[in-house]
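Undergrad: Take this structure, written in structure tokens, and hold onto it; I'll ask about it next.
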Amino acid sequence: MSLIKQRLLSAIEQTPEPLLDQTLAFLEFLTARTQSAIASDLTPDFDPDTDSSPQILADLKASLHQAKARQTFPIAELWDGINV
């Protein structure tokens with residue numbers, strides 16, 4: 001058993017009984033959300049006809065340059081218009 005699973009089981013053992021229902025609901029929510037994300041990854045946006053390795057590398061370099069130049073957006077603005 002992995003260390004993380006051992007830690008989870010230990011945390012569950014220490015969780016008060018009234019919180020276990022909420023804990024389980026949250027874990028099921030995370031699992032369902034992750035499965036949805038994995039399912040959407042099964043249809044990737046990558047198109048081998050238009051997306052080449054040199055283009056991907058150039059995009060990554062441009063992103064890194066923007067990050068180093070602090071040409072970024074505050075996290076709070078990244079969530080604008082997103083209803084989660």
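The values are calculated or read from the model by the stated rules, or taken from the named source; none is laboratory data. Every value quoted in this text rests on a predicted model; they were computed, and no experiment measured them. Neighbour counts run over all protein chains shown; Cβ positions are idealised from the backbone, glycine included.
Undergrad: Please identify the pairs in which a residue from region 7-23 that is outside any helix (DSSP H, G or I) has its Cβ atom under 8 Å from the Cβ atom of a residue that is modelled with pLDDT under 90, counting only partners at least 6 apart or on another chain.
TA: Qualifying pairs under 8 Å: Thr15/Thr23.
Undergrad: Identify, from the list Asp41, Asp21, the residue that is exposed (fewer than 10 other Cβ atoms within 10 Å of the Cβ) and at pLDDT below 80.
TA: Asp41
Undergrad: Could you figure out which of (1) among the polar types (S, T, N, Q); (2) surrounded by 10 or more Cβ atoms within 10 Å (Cβ to Cβ); (3) at pLDDT 70 or above isn't true of Ser53?
TA: The number of the failed condition is (2).
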